[in-house]
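Peer 1: Take this structure first; my questions come after.
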Amino acid sequence: MTNAKILLSVATAAVLALNGCGGGGGGGTTTTSGGTTTSGGTTTSGGTTTSGGTTTSGGTTTSGGTTTSGGTTTSGGTTTSGGTTTSGGTTTSGGMIIPGTETISGTISSSRTLTNDRIWNLQGKVVVNNNATLTIDAGTIVTAGSSAWLEVLPGSKLMAEGTASEPILFTSAQALEGGREVAGQWGGITLIGNAGNAQTTATGYEVDGFVPGTSSQADSSGKLSYVTINNSGVEVIVDQEINGLSLVGVGSGTTIEHITVNRSSDDGVEIWGGAVNLTDIVVTDSGDDSFDTDEGWTGSVTGLYITGGLASGIEMSGTTKGTYNDVTIVVGENNEEEGALYFKPNDNEVIGGVFNNVNIVYSSAIATVGAFHTRTKTGASIDPTTSFTNVRLGGTNALEFSGANAAALDALVDFTPIVTTDVSANITASETWANGTIHNLTDNIQVVSPAVLTIMPGAIVTGDSDATPGWLEVLPGAALNAAGTATRKILFTSEAAVTGETEAQGQWGGVTLIGNAGNAQTTATGYEVDGIVAGTTNAADNSGTLTNLIINNSGIEVVAEQEINGLSLVGVGSGTTVENITVNRSSDDGIEIWGGSVSPKYITITDSGDDSFDTDQGWTGSVDGLAISGGLASGIEMSGATNGAYNNVRIIVGFNNAEEGAVYFKPNDNEVIGGRFNNMNIVYSSPIADVGAFHTRTKTGASIDLATSFTDTTVYGVNELPFSGAEAVAVQALFTAGAGNSIK
């Protein structure tokens, strides 16, 4: 995101404010030199027609999106070696034009880089070959049409190195055009390396039959780090869907770490052979298996979190024996007869694994299928060197082992039961919640000064969703130390989710910290849910450490119009650590901050029922690394006399947006409100035509803080209005005055 961007003049910004992010008329229409692009994606210019990415000009035709005229690349498009690029507005599979997008199709046979100053759109099968390296900068967004996917062949590399503050996003074109995010909207990412074996070469990659090389088990296919893959798994032919991430004969020299796969219609991650090792993998809501290993894979995965999948948590087939360390699998009512661990040999195959420090919560509705399940095949058996260490099993399904080799597994597994303990009284003395026990909050559980509640890495905490919902509240002078790690995250979720129900918004409360860094605004109102007032003694107050947390299904309504957020921070001081937090499916805000000086880092918020990130009442901190998608209301909302800092932010606003824009300045009467925005990418495709990406509420005497600033902030999307509301002109002027800002 830090690359140089176009600085708008005041006049240009004014035109954009009237005509929209697309720079032209309705439906995302873009005017190009010498021609007019219609909303359907067809360009007519002196007899030249393009449609669906094919351009004919003066009798010259190129396909796959390359624009030529007499063999020359025209302005607004760049021809790459073996690949196709167009810029200045690309028609995606949904039929809309997202300005500032470049399209890639065909073959990439020489090294190139996808920069983070535009959106990249894959069309069809895009292949990297000929020992080329495809580099993707941190913070880049890559989208794909309904038949598109990326395949990296042996000898070539994919270097997709995101960071904690600037992750790389692969998602569907529909998601950026404003549609709902669902599984199977595009293909996925496939790496094929030179670490194959007899099993992989006998079959080849299941989608197109391409065979990996066998020259080096230490082969490198590149590096994927801090990459999110959403909405993948399109079916290429019947019964052959692409996975979110497919690794075929990939060697141990390849780095795969900090990967999240959400909503793949097939497997989240599948591995065929090779020796690749994976670290910190999160897979949610897969349509088939969440993590599938095949054909003699000899690598390891360390730090694997699985929830919401339709089939098995981990599936193993072929003669395979991988290593699985620090794993959490939550299996609910969606499971389709494959268990949590599915040993799936073919005839005469010997299959197994090494399992260390594994938590399984198994609440499948299929009574005849156990948590450890094996397929019946002639002559197949469990590898006798299979081992289980520190494996814990809980959940509502009582069947532990099932299938052909149930007895063999039973003899190998000596697991510890996961027990659930209800927490029904306030915590007034320091205590520790260990991994291996689910602590279920039955009510509003308060941690009272001077108590410190410590939650160990890998632990699971749930909350009731009955008439007295469960939620955790840490009062001034008390502390919460929930220090998960990248490979052993702490999960806060609903009791309903771990007892087998489908995960949904509002199934429990959330986590609230109230500190001693309040101000006159926070003390005037108190916490909105129960009125508890933050202290005002210390801006550097420490309410504890929250790292590597996942907070799911929160936001239950306590009383009318008062829902708890996923994470609420009230007068919390700068001495508090809030890092690497993911909030999914809160029915209210994902995170809300009232006053204080706390500075969260590396925050991901998805599918909030209200605002995703809400700051109020004089918050003076900063957020560094904020990724927002799928929320119902604003991406960032600000109210009260607040002027915080927002660095390295990505906001995607689509179909669900409810009239509040991507960044919502929401002052009360006579309040001065603002913020400092640095290195932001906003994809704004809200269907609300009269609400802009930057929106302000009308209140008597309210104004925008003139210290508000925008730097390296880019707005994309199909909604045509960048600025709206009472202070649209003021916000636009500040945006225009900043360096490196652009509206595509």
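The values are calculated or read from the model by the stated rules, or taken from the named source; none is laboratory data. Since we're looking at a predicted model, the values are computed, not measured. Cβ coordinates were reconstructed from backbone atoms using ideal geometry, including for glycine residues, and neighbour counts include every protein chain displayed. In case anyone asks, the SASA skips ligands and DNA or RNA and just uses the protein heavy atoms, side chains included. Shrake-Rupley method; radii C 1.70, N 1.55, O 1.52, S 1.80 Å.
Peer 1: Compute the distance from the alpha-carbon center of the stretch 398-458 to that of the stretch 351-386, in whole Å.
Peer 2: A separation of 22 Å, based on Cα centres.
Peer 1: Now for a separate question. Can you find, among THR604, MET159, GLY510, the residue farthest towards the positive end of the dipole of the chain? Put +1 on the C-beta of Lys and Arg, -1 on that of Asp and Glu.
Peer 2: Result: MET159, furthest along the dipole toward the positive end.
Peer 1: Same structure, new question: Restricting the count to DSSP beta bridges whose residues both fall in the stretch 249-333, what percent are antiparallel, rounded to a multiple of 5?
Peer 2: Roughly 0 percent of the DSSP beta bridges within the stretch 249-333 come out antiparallel.
Peer 1: Another one. So if I restrict to the alpha-carbon atoms in the chain, what is the Rg, and what is Dmax, the biggest pairwise distance, in Å?
Peer 2: So, for the chain, Rg and Dmax equal 26.0, 81 Å respectively.
Peer 1: Right, next: Mean separation of Cα pairs under 8 Å and 6+ residues apart, divided by the residue count of the chain: what relative contact order is that in percent?
Peer 2: On the way: 2696 pairs, mean separation 59.7, N = 744.
It rounds to 8 percent for the chain.
Peer 1: May I ask what percent, to the nearest 5, of DSSP beta bridges between residues of the chain are antiparallel?
Peer 2: Expressed as a percentage, antiparallel bridges in the chain total about 10.
Peer 1: Let me ask something else about it. Place a +1 charge on the Cβ of each Lys and Arg in the chain and a -1 charge on the Cβ of each Asp and Glu, then give the dipole magnitude about the Cα centre in debye, rounded to the nearest 20.
Peer 2: Numbers: 23 positive and 72 negative charges, 474 e Å.
About 2280 debye.
Peer 1: Output ³J(HN,Hα) for the stretch 684-693: one whole-Hz value per residue in order, computed from phi by the Karplus curve 6.51 cos²θ - 1.76 cosθ + 1.60 with θ = phi - 60°, and x for Gly and Pro.
Peer 2: 3J(HN,Hα) across the stretch 684-693, in whole Hz: 10, 10, 4, x, 7, 5, 9, 10, x, 4.
Peer 1: Can you list the lysines whose alpha carbon sits under 27 Å from that of LYS744, skipping same-chain ones fewer than 8 residues off?
Peer 2: LYS5, LYS125, LYS666
Peer 1: At what distance in angstrom do the alpha carbon centres of the stretch 479-533 and the stretch 540-566 lie from each other?
Peer 2: 2 Å
Peer 1: What is the local net charge at GLY274, summed over the other residues whose Cβ is closer than 11 Å to its Cβ (Lys, Arg +1; Asp, Glu -1)? It would help to have the intermediate numbers written out before the result.
Peer 2: Details: positive: none; negative: ASP219, ASP294, GLU295.
Here the count lands on -3.
Peer 1: Further question on the same structure: For LYS489, list the aspartates and glutamates whose Cα falls under 14 Å from its own Cα; do not include residues on the same chain fewer than 8 positions away.
Peer 2: Correct list for LYS489: ASP280, ASP326, GLU579.
Peer 1: Right, next: In percent, how large is the relative contact order of the stretch 244-328, given Cα pairs closer than 8 Å and 6 or more residues apart?
Peer 2: For the stretch 244-328, the relative contact order is 26 percent.
Peer 1: At 1.4 Å probe size, with the rest of the protein present, what percent of the exposed accessible area of the chain is carbon and sulfur atoms?
Peer 2: With neighbouring chains kept in place, the figure for the chain is 49 percent.
Peer 1: Looking at the stretch 469-609, what % of its DSSP beta bridges pair antiparallel, to the nearest 5?
Peer 2: Roughly 5 percent of the DSSP beta bridges within the stretch 469-609 come out antiparallel.
Peer 1: Could you state the number of Å between the C-alpha centres of the stretch 617-686 and the stretch 304-336?
Peer 2: Taking the Cα centre of each part, the stretch 304-336 and the stretch 617-686 sit 37 Å apart.
Peer 1: Under a cut-off of 26 Å between alpha-carbon atoms, report the lysines in cross-link reach of LYS344, not counting same-chain residues fewer than 8 places apart.
Peer 2: LYS321, LYS377
Peer 1: Would you kindly state how much longer the chain becomes between THR499 and ALA429 on full extension, computed as 0.36 nm times their sequence separation minus their alpha carbon distance, in nm to one decimal?
Peer 2: 22.2 nm is the gain from fully extending THR499 to ALA429.
Peer 1: Still on this structure: State, as an integer percentage, the relative contact order of the stretch 442-559 based on alpha-carbon contacts under 8 Å between residues 6 or more apart.
Peer 2: 30 percent
Peer 1: Residue by residue through the stretch 572-580, what is 3J(HN,Hα) from phi via Karplus (6.51 cos²θ - 1.76 cosθ + 1.60, θ = phi - 60°)? Round to whole Hz and write x for glycine and proline.
Peer 2: Listing the rounded values in order: 8, x, 5, x, 8, 9, 10, 9, 6 Hz.
Peer 1: Give, as a single signed number, the net charge of other residues whose beta carbon lies under 10 Å from the beta carbon of ASP326, with Lys and Arg counted +1 and Asp and Glu -1.
Peer 2: Taking every Cβ under 10 Å from that of ASP326, the sum is +1.
Peer 1: Once you list every other residue whose beta carbon is under 14 Å from the beta carbon of LEU169, what net charge do they have if Lys and Arg are +1 and Asp and Glu are -1?
Peer 2: Neighbour charge sum, excluding LEU169 itself: -1.
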